[in-house]
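Student: Input: one structure, supplied below.
The values are calculated or read from the model by the stated rules, or taken from the named source; none is laboratory data. Quick caveat: nothing in here was measured; it's all calculated off a predicted structure. Glycine also receives a Cβ, built like all others from the backbone with ideal geometry; neighbour counts cover every protein chain displayed. Please note that ligands, DNA and RNA were not included when accessible areas were found on the heavy atoms of the full protein model with its side chains. Shrake-Rupley method; radii C 1.70, N 1.55, O 1.52, S 1.80 Å.
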Amino acid sequence: MRLAARLAARGRTYGRLISILAAVAVFVTLSLAPARSGAAGDTWPARLGAGGTGAARVSGNGQSFDGVATVGALFGESAGKLSSHFCTASVVDSPHGDLAITAAHCVTGTSGQIVFVPGYANGTEPYGVWQVIRVYTDAAWQSAQDPDDDVAFLQLSSAPGGAPVETVTGAEHVATDAAAGRLVRVIGYPDTADQPVSCVNWTKLFSPTQLEFDCGGFTDGTSGGPFLANVPAPSGLGTVIGVIGGYEQGGDLPQVSYSVAFGATVAALYQTAKAAS
């Protein structure tokens, strides 16, 4: 979403993209070490979900915090060195424990190696660096880059000892039938900061195919950040019902973000990624 330097049109992707993964054809080749809930500056609501506010506190602006294990930043990598981070992704349930979700526009039309750094904060890599070895996007996105298909699943390499990322970080669930009007926590990595931002608010229907989330502070680099519902304290694990992207690649204003409304297309893509990983 929102390109930092407005690379082509709009979007909060990375305006100084250097070496990153090439655009894919139909499918390109290429459950918890505890989340760090309760980190400095971060308070999980008692429960984020539908039906009642519980103890959740709706935010007006995104607040910087120390991060959670399942959500991280995407970087380019060259000769073992990381470039600046440019988008956000989160680990999701899969049979082999090796999938993450982000926005499709984050990993389209670029070249080079992408890596995922879960829990990244202040220059640290607390859960390691994981190479993206495969990208899954819908055929409709590949042919026309329709905002309604702006979702991608990433297959991640295993750790040197063979452990998949999910055994290290845990994983979020994915729901593809969530209606608007859900209380969610959204996390994203602004590309000018070394910490993620977090915000809690209700989703609303922007269009029949797009969700809207209103909260300030979601600038360039937050694309791909998850909309997390049903987050029980203290684990911080929840259910991804959207990712920043879609309309205007997630939005042109820091205080208004969008997501594809997950439905049958995302469900089918998720099943394909799980079967192939």
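Student: Applying 1/(1 + (r/R0)^6) with R0 = 35 Å to the Cβ-Cβ distance of Q131 and A268, what FRET efficiency is obtained, to the nearest 0.05? It would help to have the intermediate numbers written out before the result.
Tutor: On the way: r = 26 Å, r/R0 = 0.73.
Once the sixth-power term is evaluated, E becomes 0.85.
Student: Students often check this: by mean Cβ neighbours within 10 Å, which of 117-125, 92-100 ranks highest, and how do the rest follow?
Tutor: Result, highest mean Cβ count within 10 Å first: 92-100, 117-125.
Student: Next question. Given H placed 1.01 Å from N in the peptide plane, which residues other than close sequence neighbours of F206 have an amide H under 5 Å from its amide H?
Tutor: Distant-sequence amide H within range of F206: L211, E212.
Student: Could you tell me whether the range 120-221 comes out rounded, prolate or oblate from its Cα gyration tensor? Rule is a ≥ b ≥ c as square roots of the eigenvalues, rounded for a/c under 1.5, then prolate if a/b exceeds b/c, otherwise oblate.
Tutor: oblate
Student: Continuing with this model, one more query. Quick one: if you stick a label point 7 Å off each Cα along the C-beta vector at T192 and A276, how many nm between them?
Tutor: Here the answer is 3.7 nm between the modelled labels.
Student: When Lys and Arg each count +1 and Asp and Glu each count -1, what net charge do the other residues less than 10 Å away from T265, Cβ to Cβ, add up to?
Tutor: Cβ neighbours under 10 Å give a net charge of -4.
Student: Per residue, how much accessible area does the range 129-252 show when a 1.4 Å probe rolls over the protein heavy atoms, in square angstrom? Mind showing how you got there, number by number?
Tutor: Working: 3840 Å² over 124 residues.
Per-residue accessible area for the range 129-252 comes out at 31 Å².
Student: Once you order the gyration tensor axes a ≥ b ≥ c over the Cα atoms, which shape class does the range 172-277 get: rounded for a/c under 1.5, otherwise prolate or oblate by comparing a/b with b/c? Could the numbers behind the result be given before it?
Tutor: On the way: a/c = 1.42, a/b = 1.27, b/c = 1.11.
Judged from the Cα gyration tensor, the range 172-277 comes out rounded (a/c under 1.5).
Student: Please report, as a whole percent, how much of the solvent-accessible surface of the range 57-200 comes from carbon and sulfur atoms (probe radius 1.4 Å).
Tutor: Here carbon and sulfur together make up 46 percent of the probe-accessible area.
Student: Within the set of other residues whose C-beta is less than 11 Å from the C-beta of V92, count the net charge using Lys and Arg as +1 and Asp and Glu as -1.
Tutor: Residues near V92 contribute -3 overall.
Student: Which residue, chosen from G217, A275, W141, occupies the Cα position most advanced towards the positive end of the dipole of the range 133-277, where the dipole is computed from +1 (Lys, Arg) and -1 (Asp, Glu) charges on Cβ about the Cα centre?
Tutor: Projecting each Cα onto the dipole axis, the largest value belongs to A275.
Student: Pulled fully out, how much extra length does the chain show between S158 and S78, if you take 0.36 nm times their separation in residues and subtract their Cα-Cα distance?
Tutor: Separation in residues times 0.36 nm, less the Cα-Cα distance, equals 26.9 nm.
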